[in-house]
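Colleague: This structure is in structure tokens; I'll ask about it shortly.
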Amino acid sequence: MAIWKYHKIPFLFFVASCIFYIGFAYHITRTDTAQLLLLYIALFLFAYKIIKTSGFNFKLLVLFAIAFRVLFLFAIPNLSQDFYRFIWDGRLILEGFNPYLYTPDSFINGGKFPVDSAQELYNGMGSLSSSHFSNYPPLNQLCFVIANLFPGQSILSSVMGLRLVIIAADIGTLYFGKKLLERLKLPSSRIFWYILNPFIIIELTGNLHFEGVMIFFLIWSLYLLHTRKWQWAAVILACSISVKLIPLMLLPLFFLWFTSNKLKGQTEKLGFLKLILFYTIVIATTLLLFLPFFSMEFVTNYSKTVGLWFGNFEFNASIYYLVRAIGYAITGYNEIAIIGKILPLISVVIILGFSFLKQNNSLPKLATSMLLALTCYLFLSTTVHPWYIATLVILSIFTNYKFPLVWSLAIVLSYLAYSNTTYSENLWIIGLEYALVFSIFVWEVFIKKRPLVS
């Protein structure tokens, strides 16, 4: 009772948050935009008050974070349908099929039902997913398999399995994130701006997006790197890549971490040798994880599927929509096929700039470069689903930048696209979202020029 006596206010906000999370998990759909916005904004306010009024009581905040996630355990995701494909892929592997070689359409249209609940899963994933080969890397596929081993053959049992994997990853991120913050002599309480962030809880635990597992391996890798266990850091970074490919674009940023003469008193030659070995371990481990699925057909299908994200899909974009509008004005057509090839090249140039022009020889500097490089990549992307910015949120806790936290609140506006039957975006709403994000971004990065850490 002593904990209640001294923490009455955070407990009250905790109870209110539980009620709202239950409403979010079991009663809201993505077409209920007014309720969705109100609950989302209220949960952000409650999370802020919990963190600020708790005195950063670590055990109490951990208890709250786990409790919020457990509330979602029996809920079918209501803001995303991707989980149907996750379950499909996992069950397909258990039946002995390679998910990179078959589309769901190829089975169902041929009158074949290779997995339990095939028709329900097929209907749930939607035509966009069912018509393409799987684009989820091998460790992500392993998570899908593990989830389908959860007792019971229902979709709910598999959803529970997926959710437990993601909750376990969040606990791992909490553990290594706290240890890394302590080693950097930063307040360990910063980890709760990620762990208690309603965006993280809803998008990862609630909607079953595996950025949480990718982030767990990424933070573990950075922790190992900081403790000078760079060989193991390379292996764990490969695991992160094998959940989601995004960390691949971060590899150039490690150049000056290893080659800087100021790092650990080493020579530039020795640093360069370590860099080559680091990259070799990352690439070799990644290829090894892909090996069970390898075939030339796999290479063709996988590269084609990944390429679709740059030249075919568009959602919640910023700079791309502006360039697209200019293209419409000049040619009268949607020039995504051209723009979708140019913008990634600009992203590559920016990443290389952060790699060779920034002194990424300390963890805060490296995290800052990662944060800004990924931010620029997302600003230039044709597709920015809400869960994509989870990596920005975790990296921000190692810097003084707050714009990812603002974005994690503002990005709920992207769900307003589902308020109409055609799921068409209101560009004024998207403009509002990015006006908020760009304003804070420009203020922090170019005007205020915040130091890397306090």
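Colleague: Give me the three principal axis extents of segment 322-454 from the C-alpha atoms, as integers in angstrom, largest value leading.
Modeller: Each principal axis gives a Cα extent; for segment 322-454 these are 47, 30, 25 Å.
Colleague: Output the Kirkwood hydrodynamic radius of segment 1-97, Cα pairs only, in Å rounded to one decimal.
Modeller: For segment 1-97, inverting the mean 1/r across all distinct Cα pairs yields 15.4 Å.
Colleague: Give me the distance in nm between label points sitting 7 Å out from Cα along the Cα-to-Cβ direction at Thr267 and Glu335, one decimal.
Modeller: The two pseudo-label positions are separated by 5.2 nm.
Colleague: Quick one: dipole size for the chain, taken about the Cα centre, charges +1 on Lys/Arg Cβ and -1 on Asp/Glu Cβ, in debye to the nearest 20.
Modeller: 2080 debye
Colleague: Taking every eigenvalue of the Cα gyration tensor of segment 288-396, multiplying by 5 and rooting it, what semi-axes result, largest first, whole Å?
Modeller: The equivalent ellipsoid of segment 288-396 has semi-axes of 26, 23, 13 Å.
Colleague: How large is ³J(HN,Hα) for each residue in segment 232-248, as worked out from phi by the Karplus curve 6.51 cos²θ - 1.76 cosθ + 1.60 (θ = phi - 60°), to whole Hz, x for Gly and Pro?
Modeller: Values per residue, Gly and Pro as x: 6, 4, 5, 4, 5, 5, 4, 5, 4, 4, 7, 9, 9, 6, 3, x, 4 Hz.
Colleague: With a point put 7 Å past each Cα toward its Cβ, work out how far Val70 is from Leu287 in nm, to one decimal.
Modeller: Spacing of the two 7 Å Cα→Cβ label points: 4.6 nm.
Colleague: Continuing with this model, one more query. D for the chain, whole µm²/s, Stokes-Einstein with Kirkwood Rh over alpha-carbon pairs at 4 °C and 1.567 mPa s: what number?
Modeller: Once the numbers are plugged in, D ends up at 56 µm²/s.
Colleague: A further question on this structure: Taking a 31 Å limit on the Cα-Cα distance, which of the listed pairs Lys49/Lys185; Lys244/Lys402; Lys49/Lys229; Lys8/Lys448; Lys269/Lys341 fall beyond it?
Modeller: Table pairs above 31 Å Cα-Cα are Lys49/Lys229; Lys8/Lys448; Lys269/Lys341.
Colleague: Taking all pairs of distinct Cα atoms, average 1/r, flip it, and tell me the Kirkwood hydrodynamic radius of segment 268-340 in Å to one decimal place.
Modeller: Evaluated over segment 268-340, this radius sits at 15.9 Å.
Colleague: Shifting gears a bit: What is the calculated FRET efficiency for Phe313 to Val406, with r their C-beta to C-beta distance and R₀ = 25 Å, to the nearest 0.05?
Modeller: 0.50
Colleague: If you stretched the chain out fully between Ile146 and Tyr48, how much longer would it get, using 0.36 nm times the residue separation minus the C-alpha to C-alpha distance?
Modeller: Taking Ile146 through Tyr48 to full extension adds about 31.8 nm, to one decimal.
Colleague: For a test of the definition: using alpha carbon positions, the gyration tensor, and the 1.5 limit on a/c, classify segment 227-323 as rounded, prolate or oblate.
Modeller: Here segment 227-323 falls in the oblate category.
Colleague: Is there a quick way to get the dipole size of segment 205-347? I mean about its Cα centre, with the Cβ of Lys and Arg at +1 and of Asp and Glu at -1; what is the value in debye to the nearest 20?
Modeller: 560 debye
Colleague: I would also like to ask the following. Of Val306, Leu45, Thr331, which is farthest towards the positive pole of the chain's charge dipole, taken about the Cα centre with +1 and -1 on the beta-carbons of Lys, Arg and Asp, Glu respectively?
Modeller: Checking the options against the dipole of the chain, the answer is Leu45.
Colleague: How much length is gained if the chain between Ser154 and Ile346 is pulled fully straight, taking 0.36 nm per residue apart and subtracting their Cα-Cα distance, in nm to one decimal?
Modeller: Full-extension gain reported as 64.6 nm.
Colleague: Right, something else. Summing -39500 (n - 2.57) over the DSSP H runs of n ≥ 4 in the chain and dividing by its residue number, what mean residue ellipticity at 222 nm do you reach, to the nearest 500 deg cm²/dmol?
Modeller: Theoretical 222 nm ellipticity from helices: -20500 deg cm²/dmol.
Colleague: Also, quick follow-up: Enumerate by residue number the chymotrypsin sites (Phe, Trp or Tyr not before Pro) in segment 409-449 meeting two conditions: DSSP loop (anything except H, G, I, E, B), and at most 12 other Cβ atoms within 10 Å of the site's Cβ.
Modeller: Those satisfying the criteria are Tyr423.
Colleague: Continuing with the same structure: Quick one: Cα convex hull volume of segment 71-118, Å³ per residue?
Modeller: That works out to 94 Å³ per residue.
Colleague: Between Lys112 and Ser439, what's the calculated FRET efficiency when r is the beta-carbon distance and R0 is 41 Å? Round to 0.05.
Modeller: Calculated transfer efficiency: 0.20.
Colleague: Take the Cβ-Cβ distance between Ser260 and Gln231 as r, set R0 to 22 Å, and report the resulting FRET efficiency rounded to the nearest 0.05.
Modeller: Step by step, r from the Cβ atoms, then E = 0.70.
Colleague: Starting from 0.36 nm per residue, how many nanometres of slack lie between Gln81 and Gln35 once their C-alpha separation is accounted for?
Modeller: 14.6 nm
Colleague: For the chain, with every protein chain kept in place, what is the accessible area per residue (1.4 Å probe, Å²)?
Modeller: 43 Å²
Colleague: Simple spin-label model, 7 Å along Cα-to-Cβ: Ile429 to Glu297 in nm?
Modeller: 4.2 nm
Colleague: Starting from the alpha-carbon convex hull of segment 69-177, give the projected area averaged over all orientations, in nm².
Modeller: So the Cα hull casts an average projection of 7.2 nm².
The values are calculated or read from the model by the stated rules, or taken from the named source; none is laboratory data. Since we're looking at a predicted model, the values are computed, not measured. For neighbour counting, all protein chains shown are included, and Cβ atoms are generated from backbone atoms with ideal geometry for every residue, glycine included. Areas reflect the complete protein model, heavy atoms only, side chains present, ligands, DNA and RNA absent. Shrake-Rupley method; radii C 1.70, N 1.55, O 1.52, S 1.80 Å.
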